[in-house]
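The values are calculated or read from the model by the stated rules, or taken from the named source; none is laboratory data. Treat the numbers as computed from the prediction; the structure is a model and nothing was measured. Here Cβ is always computed from backbone atoms with ideal geometry, including for glycine, and neighbour counts include all displayed protein chains. Note: accessible area is taken over every heavy atom of the protein model, side chains too, but ligands, DNA and RNA are not part of it. Shrake-Rupley method; radii C 1.70, N 1.55, O 1.52, S 1.80 Å.
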Amino acid sequence: MSEFKQTFNSSLGKKLIMALTGLFLCTFLIVHLGGNLLLFCDDNGYSFNMYANFLTHFPPIEVVAYILYLAIIVHALYALILTVNNTKARPVAYVAHNDAPASWSSKNMGLLGSILLLFIVIHMGDFWYKYKFTHTVGYKEYRTNVLTNQTTVSDFTPADPTFEHSSTTEGDTEIIRVKDLHARVANSFSNVWYDLFYVIAMGAVAFHLLHGFQSAFQTLGWRHRKYTPIVKFIGTWFFGVIIPLGFALMPIVYYLKSLGR
Amino acid sequence: MSTGNMNFTLKVWRQKDANSSGKMVTYPAENISPDMSFLEMLDVVNESLIHKGEEPIHFDHDCREGICGMCSLYINGRPHGPKRAITTCQLHMRSFNDGETITIEPWRAAAFPVIKDLAVDRSAFDRIQQSGGFVSVNTGGVPDANIIPIPKVIADEAFNSATCIGCGACVAACKNASAMLFVSAKVSQLGMLPQGQPERWSRVQAMVAQMDEEGFGNCTNTGACEAECPKEISLLNISRMNNDYFSAKLFREEKVHDHGASGGE
Ligand code: HEM
Ligand code: SF4
Ligand code: FES
């Protein structure tokens, strides 16, 4: 076995891969939440639709996106390999169970991760796949008068079904036509079962990262009297609370809005 | 011989040998003194079994004062019983309630096969230790004491790691049957000291490789080991081991087979 292979086949090598992919996914969550906060702009989805269009058409982002999909697959694959090995390491179970003095999250990373994987698959099928590979997402036309800065919105149906995005000017009016992912999101979020699943999945994110974020630092061997308390603080409050709460608010707010309509 | 006033019901794992399948068997433990250690209580039970012509319950023990690491026992779902930071031989029967049912099982891990009843084969730990848990010393005149300066904090930390008695409770407690707390304590105790530097990078590689070969699980940083360790070995050791391992593998020239003890090429 080559030295490289031997390193990554070792127990610690596999853990290194888990930790690095896990932390990469954590940084992605920050960016993803930041972008999605545009859903809270009260502009008929203009900012959000432009953002979605930018993400799918800016080549460096597309490259990063494919690295991201790879990271999810590798993370889940190694989680599976490690979990299978760990089960094999104790073939005979104990009769008496006493709650080991370890956090619930830390003992249920596999379960939490599986919920996340299910969520990621459904979520990507719903938004990303439909946006990129089907013509089931509608369009909006935003007409802005550059003098008064007044915007009017209307649905728009292009002649060509492969139409993506256009930006033109007619006199003082700037016309932007773009895929209306925002309507798709609002539509999904008006379904209470979808929202429930979404919120549960965000609960899983919270518990996964409550343990996972600080665990990755421990795995990497980056533990220090001065910095570890900071890592634990960020893991608990930022990744364990703020991030999942931010995501979970979106379906809740959109559901409430859909009731008002 | 027994003079106490406590009575217990024991549920004990009985297994004839490594190749047989075992089962839980119930025994009474009567007239037990609260001042007896857990092992002394088992001695009393065994005496009565021998009187009745039955096979006594096999369990490991040696020093009976918490320093050798021989005693084991998974008692009521916890390695070394309900108290923290002690071994089974240091556990007294006053820690239990009169009339209680006590479940006693062997350490459970693929790498620790049962030899008989409650005794398991922990030679996997010996092989890990032999693969790299040593320092090379030149023969010759006796060196002066304290000739190598070592900061007190480092000496203390290395000593803390060195208090590991190799009992295996960390493996027993871990949901993954991972041996990383033990291995990391052994890696740290030497890797932190100047005397351990020559083999520092090859040691960690050899010991981790042997650990993997023995079939222990992979750490998920739950911390159950640290909580159950009779010597309170800290998870910090695992972090230190990982750091050394990754440095060794990714940034150092030494290969694991440069190590004398692991055979060479
Ligand atoms: C957005 C998605 C995800 C993020 C941000 C994330 C993040 C993390 C982090 C930071 C760790 C800690 C690594 C370590 O302890 O060294 C971790 C561990 C883990 N993850 Fe994820 N993860 C995600 C998705 C998943 C998925 C989809 C699965 C499973 C299918 C999964 C299963 C696991 C398991 C089993 C562990 C524990 C592994 C171990 O400690 O050895 N995760 N994750
Ligand atoms: S680390 Fe603790 S529990 Fe593990 S073998 Fe050493 S003394 Fe026993
Ligand atoms: S018998 Fe030696 S530590 Fe318990």
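For chain B, the longest principal axis of the alpha carbon atoms and the long axis of helix B:200-214 meet at an angle near 40°. List the aspartates and glutamates whose alpha-carbon lies under 17 Å from that of residue B:23, not counting same-chain residues fewer than 8 positions away? Those aspartates and glutamates meeting the cut-off are B:54, B:55, B:105, B:117. Simple spin-label estimate for residue A:173 and residue B:68 gives 9.4 nm between the two label positions (7 Å along the Cα-to-Cβ direction from each Cα). Probing with 1.4 Å while keeping every protein chain in the model, the per residue accessible area of chain A equals 54 Å².
Residues of region A:219-257 that bury at least 10 Å² of accessible area once all protein chains are present, compared with their chain alone (1.4 Å probe, heavy atoms only, ligands and nucleic acids left out), are A:219, A:220, A:221, A:223.
At a threshold of 50 Å², the residues of region B:197-224 that become less accessible to a 1.4 Å probe in the full protein assembly than in their chain on its own are B:218, B:221, B:222. Once A binds B, the 1.4 Å probe can no longer reach about 3400 Å² of accessible area, counting both sides. The long axis of helix B:123-132 is offset from the longest Cα principal axis of chain B by roughly 10 degrees. Ligands, DNA and RNA excluded, the heavy atoms of residue A:199 present near 60 Å² of accessible surface to a 1.4 Å solvent probe.
Sorting A:162, B:9, A:219 by accessible area puts them as A:162, B:9, A:219; the probe is 1.4 Å, largest comes first, and only protein heavy atoms count. For chain B, the longest principal axis of the C-alpha atoms and the axis of helix B:152-162 are separated by about 50°.
Atom-type composition of the exposed protein surface of the protein assembly as shown places 60 percent of the accessible area on carbon and sulfur (1.4 angstrom probe).
When the residues A:135, B:61, B:92 are ordered by accessible surface, computed with a 1.4 Å probe over the protein chains alone, the sequence from largest down reads A:135, B:61, B:92.
With r defined as the distance between the Cβ atoms of residue A:225 and residue A:80 and R0 fixed at 45 Å, what FRET efficiency is calculated, to the nearest 0.05?
Here the calculated transfer efficiency is 0.80.
Label-to-label distance for residue A:134 and residue B:54 is 6.7 nm, based on points extended 7 Å past Cα in the beta-carbon direction.
Taking A:217, A:24 and ordering them by how much accessible surface each has at a 1.4 Å probe, largest first, produces A:24, A:217. Taking a span of 30 Å or more along the helix axis (Cα atoms) and a mean Kyte-Doolittle hydropathy of at least 0.0 as the rule, the DSSP H helices of chain A that qualify are A:11-36, A:59-88, A:192-220. With semi-axes defined as the square roots of five times the eigenvalues of the C-alpha gyration tensor, the equivalent ellipsoid of chain B measures 39, 20, 16 Å, largest first.
With the simple model of a label 7 Å out from the Cα in the direction of the Cβ, residue A:153 to residue A:31 spans 2.7 nm.
Among the lysines of region B:122-258, pairs that are 8 or more positions apart or on different chains and have alpha carbons within less than 22 Å of each other number 7.
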